[in-house]
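Peer 1: This structure is in structure tokens; I'll ask about it shortly.
The values are calculated or read from the model by the stated rules, or taken from the named source; none is laboratory data. All values reported here derive from a predicted model rather than from experimental measurement. Heads up, the Cβs are rebuilt from the backbone with ideal geometry, glycines too, and the neighbour counts pull from every protein chain shown.
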Amino acid sequence: MTVAEATASTAGDDGTGERMIRNPVLPGFHPDPSIVRVGADYYIATSTFEWFPGVRLHHSTDLVDWRPLSGALTERRLLDLTGTADSCGVWAPNLTYAHGLFHLLYTDVATFAGGYWDPQNYLVTAPDIDGPWSDPVVLHGRGFDASLFHDDDGTTWMLSMRADWRPGRDRFAGISIQRYDRDQRRLTGPETVIFDGTEAGLTEAPNIYRKDGWYYLVTAEGGTTLTHQVTVARSRHLLGGYEVDPAGPLLTSAGRPDLALQKAGHGSLVQTPAGEWYLAHLAARPYQPSGRCVLGRETALQQVDWPAGDWPRIRDGIPAEHVPAPADGPATPLPVGSEEEKDDFDGTALGPDWSTLRRPATPDWADLSARPSHLRIHGGQSPMARHRPSLVARRVTAPSCTFEATCEFAPRSFRQLAGITAYYNTRNWYYLHVTADDDGATVLDVLCCDSGRVAVAPGLRLPLGDVRRVGLRLRLDGPDLTFAYTTSPGSDPLWHELGATFDATTLSDEYAATIVPGEPEAWGFTGAFVGLWVQDLGAESGYADFDHATYRPA
């Protein structure tokens, strides 16, 4: 069975035993958090881009310990990622609760080349966080980072950034709002631009909160890199005008290279039952000296001081690694998972830590029933294809970690491959795999893809003879990636290191960035994964059986 990841609580340094929030609360690729409280339960929704299930969900009762739930968008009925480009797909979901329903608003972005996004927004609802989710309501495609605001008078409003594709124009053309008719399930009335942003630019990710007679508009600005920030403006009227906080950003790590948490921005607020406020926001932890963030953009929490009628404040306006937990935390927190996460594939469905690339995990290709206690993966298209890949993977959540699996595979030709991968996107990955040579002999080899250029790692190919069951291992140690194998997988395997060290920092947003003069920077937006990968390039019914997979942070 799968042992789901969870973050553990820590004791305060003052010796009082006060529980602390340890950031990031959702380590690894968990960007653009949208947080909501329903009763005593907190939920966070994060972006998933080209990965299924779409929109990752986590649950907590104290803001300290978080456990993953199944993703919200698990079916093609709700989301079709066939052919989705790298770092496109689901951007910046918004999770709210009103009128007895969870409302999940999400954007499916088709492209961000040339200043276009083609951002189609959808809304689904459910009476319970575990679903079932309704059929999607198709809303506007005028911009991404959409959110819903449920006002005290019973009305609901949709906000988003306003995209302007025209060359020479500001591509981030302000924040717009329009009323949403819940009964008719459609937008109604005029679109109104309520905020043009500040000089920081790139204004996006709007959320509105009503407090003490004010409407507070929270946005992200400065781009989702080292200059990211959370901006707050307020107005007495929903449709504006909005005055920007004269003290500057609520939160940013810009200009503070000494901070462990960089890229702080894209925030949403939540109030505890006792009236305390917290901000969920994205952050990243660069590997020095490269500055590359292999773990991607992660989710952190900050305590917010918000006096009646005043502006919200975070201490020093910067992200802290340790934050006091709410004083009204439960007497019995959620159970915390083990550091080691081992999956023996005994269940009827993949556990919540697993994701699949561009298509849901259906039995026709990811089969847990064909062979007891095994995951049978039927081979898919090549690593560069975007329609039918066969990759089952999980997020890398620690700078140093190990991933290993036992693979049983009998390739019939060089067109059939199976193994484990350290993966960022179709253009940047490493692949330790079993395949067949020209004479049909089974071999172990390593493929590397750097910015779309595929190469065989020199000098590592090993004959396996009649061996069909092998243990495969990869180890990430900060910027270094190494591989090992064993022909005697079991309780006490004898591992053989392959003797080559690869650059793990190529598996990062920064390395994946595409810079075109005169156009917006096309960054990667995800993070590193490790996983199980099978190709059947000749469509000849090739498959591999995986007996177990273990992820172990150092």
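Peer 1: Being in contact with a Gly (Cβ under 7 Å, 6 or more places away or on another chain), surrounded by fewer than 23 Cβ atoms within 10 Å (Cβ to Cβ), assigned by TED's automatic domain parsing to the domain that holds residue 244 and without any contact (Cβ under 8 Å) to a residue 24 or more places away in the chain narrows it down to one residue among 212, 196; which is it?
Peer 2: 196 is the lone residue from the list that is in contact with a Gly (Cβ under 7 Å, 6 or more places away or on another chain), surrounded by fewer than 23 Cβ atoms within 10 Å (Cβ to Cβ), assigned by TED's automatic domain parsing to the domain that holds residue 244 and without any contact (Cβ under 8 Å) to a residue 24 or more places away in the chain.
Peer 1: So the check is Cβ under 8 Å with 6+ separation or different chains; which pairs have a first residue in the stretch 126-140 that's assigned by TED's automatic domain parsing to the domain that holds residue 71 and a second one that's modelled with pLDDT under 95?
Peer 2: If the second residue must be modelled with pLDDT under 95, the pairs left are 130/70.
Peer 1: Do we find a residue being outside any loop (DSSP other than H, G, I, E, B), assigned by TED's automatic domain parsing to the domain that holds residue 120, touching a Leu at 6+ places or on another chain (Cβ under 9 Å) and touching a residue at least 60 places away in the same chain (Cβ under 8 Å) anywhere in the stretch 161-177?
Peer 2: For the stretch 161-177, residues outside any loop (DSSP other than H, G, I, E, B), assigned by TED's automatic domain parsing to the domain that holds residue 120, touching a Leu at 6+ places or on another chain (Cβ under 9 Å) and touching a residue at least 60 places away in the same chain (Cβ under 8 Å): present.
Peer 1: Of everything in the stretch 144-160, what is without any contact (Cβ under 8 Å) to a residue 60 or more places away in the chain and either in a loop (DSSP other than H, G, I, E, B) or more than 21 Å from residue 242 (Cα to Cα) (or both)? Give them in sequence order.
Peer 2: 146, 152, 153, 154, 155
Peer 1: Which of the strands (runs of 3 or more DSSP E) contained wholly in the stretch 400-513 include at least 1 residues that are under 21 Å from residue 366 (Cα atoms) and of a type outside the set (D, E, K, R)?
Peer 2: Ranges flagged: 400-408, 416-425, 428-436, 469-477.
Peer 1: Oh, and also: Counting just the residues of the stretch 226-246 that are of a type in the set (Ser, Thr, Tyr) and in contact with a Phe, Trp or Tyr (Cβ under 7 Å, 6 or more places away or on another chain), which one comes out surrounded by the most Cβ atoms within 10 Å (Cβ to Cβ)?
Peer 2: Once the filter is applied, the top-ranked residue is 242.
Peer 1: Can you find even one residue in the stretch 273-281 that is acidic (Asp, Glu), at pLDDT 95 or above, surrounded by 13 or more Cβ atoms within 10 Å (Cβ to Cβ) and in a strand (DSSP E or B)?
Peer 2: no
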